[in-house]
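Structure first, commentary second.
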Amino acid sequence: MKKLLLLAVTTLTVFCAHAQNIKVTLFQPLENDMTANMHGTTKLDQNGEKAALIKIQSPEQGFTFNGGTLGIVAREDHDGEIWLYVPRRSKKLTIQHKDFGVLRDYYYPVVVEGARTYEMYLDIGIGRYVTIASQIAGSTIYIDGQDCGLSPVNHKYLNYGRHTVRALKDRYEGEQQLMITTDDAQGVRIVNVEQRDMSDHFGDVTVSVPNKAEIWFEGKNVGSGSWQTQLREGSYVVETRKADCDPEKTSFTVVAQQQNRVQAAPPSPHTGRLSLYTRPRNAVATYNGNNPIDLTETHTLPIGTYQINLSRKGYVAKSGLEYTVRHNETTRDTITLERVKYIKPRAFYFGAGYSLRQLGGITALVGATYKNIDLQVSYTFGLSKSDDVPWYTTDGNDTYLSSISYKRSTLAIKAGYQFVLTERLGLTPQLGYAMERLSGTVQNGTNLYGDGAMAHCLSIGAKLLFAPIQRLYVFASPEFAIGVKKDDTFQRIADNSDIAAGGFQVTLGAIFNF
């Protein structure tokens, strides 16, 4: 109701102002203001002389000025005032406004001198200029709820009607009702607001917010993470802010002479959406470490970069997939997981096994597969001994010399092509070349014969692979070798025993692949 009454009074006075002349309530020199005589703000009139500067205060804009025969040197509009440069010795000024009428031939009450600054206060006929002071200097002055700065507030233009003036500083408060009427004396009205100590009406306040968010109170940043103060009893609102977040407001009530603790709502992080589709579905997913996430649905997440790890039984795991979630955007991707290749077309491997054959032994092997082409090198350490082989002289007398037993070691090189039969089963047909060497041990007699005898063989066979887990093969390698070349010693041993170059063998063992 008060606002409606004030609006009605203001409207009526504005209407009446059309019939009233604009008034000058104050015109005086500013003795300590050197603006008109300083580099950058000095203006010269048409005679090359420094002009005078009039700083005009008015509650409204839109004025025009006429300096008569001497004219106006320049005009500048600044915040809250108009700078009017006039020639020295100017006598009068005509002021016009489309809403508030005209003031014709206002004669300056003092001599206007060049390079000097003056101030002028215009009354537009709808109120009065008021200077508001307070009992405690530097108090914040509120007029009708609007912050007007610290006391004293000089030359504040107030429209006709009732106004509420409050002065606040620390725990000192004062309030005064002010009535501006047409009966007020001309000039600037002085109002002094009395204040009193209101400590009994204050309470201690502690405001806290997570993540060191900024705390804003009455338009000012008062802290980060926490803020302690004293406030008068009543209701208040704090706002929390943080980069890349939407601010949040929290209302609270202060109870006098008590500790008031307020847990403010944290700012809401800006969010976006992450939509990832995996083939196959139902992959186990985590983000930024071991945080689980269900990728069968779209997720709303705080903006930022996320690292996704995927795994599924029977498929190659993927880790470190990086996605950036942006504010109010949806990040999409389709991720295809590859099935685990237990039988690898490209790998390096090594392993060991046992060769089942005449004079068999432990076999160590190493090899590589590239685009299913398999190259392998193996060495068999002979463990089984042959029957004793007698040695006689060759001079025709057949004199007995010694009995020797032998072990056979084999160096073999094989090449083949790997076929994938099933997910875990592979077959590699192989062709090979082998060098067999006999090492002898004297069983009867004194001399060692035939040690180091050599035979060369060509082989054909296959390597059957079964992969129970990744990187491990269990293998069986049957093969048949044909002796193609023997030295004389090997041939003599073969002629006098059951030892033969080549033959059939099966190697059983395990291989690790990478």
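The values are calculated or read from the model by the stated rules, or taken from the named source; none is laboratory data. Computed from a predicted structure; not experimentally measured. Neighbour counts run over all protein chains shown; Cβ positions are idealised from the backbone, glycine included. SASA here: full protein model, heavy atoms, side chains in, ligands and nucleic acids out. Shrake-Rupley method; radii C 1.70, N 1.55, O 1.52, S 1.80 Å.
In table form, for the structure just shown:
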read-out	value
Extension gain (nm, one decimal) between Asp147 and Glu218, 0.36 nm per residue minus Cα-Cα	24.5 nm
Only Lys, Arg (+1) and Asp, Glu (-1) charged, at Cβ; segment 177-324 dipole about Cα centre in debye	1220
Pair Leu231, Arg104: separation of 7 Å Cα→Cβ label points (nm)	5.8
Stretchable slack from Glu60 to Glu322, in nm (0.36 nm times residue separation minus alpha-carbon distance)	88.4 nm
For segment 258-366, share of DSSP beta bridges that run antiparallel, in % to the nearest 5	75
Reachable lysines from Lys23, criterion Cα separation under 30 angstrom, eight or more residues apart if same chain	Lys2, Lys3, Lys43, Lys50, Lys55, Lys91, Lys92, Lys98, Lys156
Å² of accessible area per residue within segment 43-140, as computed with a 1.4 Å probe and no ligands counted	45
Rh (Kirkwood; distinct C-alpha pairs) - the chain, Å	34.7
Computed magnitude of the charge dipole of segment 53-162 (debye, nearest 20; Cβ of K, R +1, Cβ of D, E -1)	500
Beta bridges per DSSP with both ends in segment 63-204, % antiparallel, nearest 5	90
Dipole in debye (nearest 20) - segment 202-260, about Cα centre, beta carbon charges: Lys, Arg +1; Asp, Glu -1	80
Helix 2-17 vs. the chain, principal-axis angle (Cα, 0 to 90°, nearest 10)	60
Residues of segment 178-309: accessible area per residue with a 1.4 Å probe, Å²	58
Cross-link reach list, lysines versus Lys313, counting only Cα pairs under 17 Å and skipping chain neighbours closer than eight places	Lys341
Net charge of neighbours whose Cβ lies under 12 Å from the Cβ of Glu479, counting Lys and Arg as +1 and Asp and Glu as -1	+3
Cα Rg, Dmax (largest Cα-Cα span) when computed across segment 237-356, Å	24.2, 97
Under 15 Å, Cβ to Cβ, from Asp294 - net charge with Lys/Arg +1 and Asp/Glu -1	+2
Of Ile143, Asn513, Val130, farthest towards positive along the dipole that unit charges on Lys, Arg, Asp, Glu beta carbons give the chain	Asn513
Residues Glu81 and Asn21, FRET efficiency given R0 of 25 Å [Cβ-Cβ distance, rounded to 0.05]	0.75
Lys/Arg +1, Asp/Glu -1 at C-beta; the chain dipole; positive extreme among Phe381, Tyr236, Ile493	Ile493
Ranked by how many other beta carbons lie within 10 Å on average, peptides 30-38, 182-190, 129-137 from highest	129-137, 30-38, 182-190
Burial ranking of peptide ranges 192-199, 361-368, 328-335 (average Cβ count within 10 Å, highest at the top)	361-368, 192-199, 328-335
Whichever lysines have a C-alpha closer than 17 Å to that of Lys242, once near sequence neighbours (fewer than 8 apart) are set aside	Lys212, Lys220
Burial order of peptide ranges 303-311, 140-148, 87-95 (average beta-carbon count within 10 Å, highest first)	87-95, 303-311, 140-148
Percent carbon-and-sulfur accessible area, the chain, ignoring ligands, DNA and RNA, probe 1.4 Å	52
Length released on extending from Thr42 to Val377, taking residue separation times 0.36 nm less the Cα-Cα span	110.7 nm
Asp388 paired with Arg196, simple spin-label distance in nm, labels 7 Å along Cα-to-beta-carbon	13.2
Longest to shortest principal axis, alpha-carbon extents of segment 26-162, angstrom	50, 33, 24
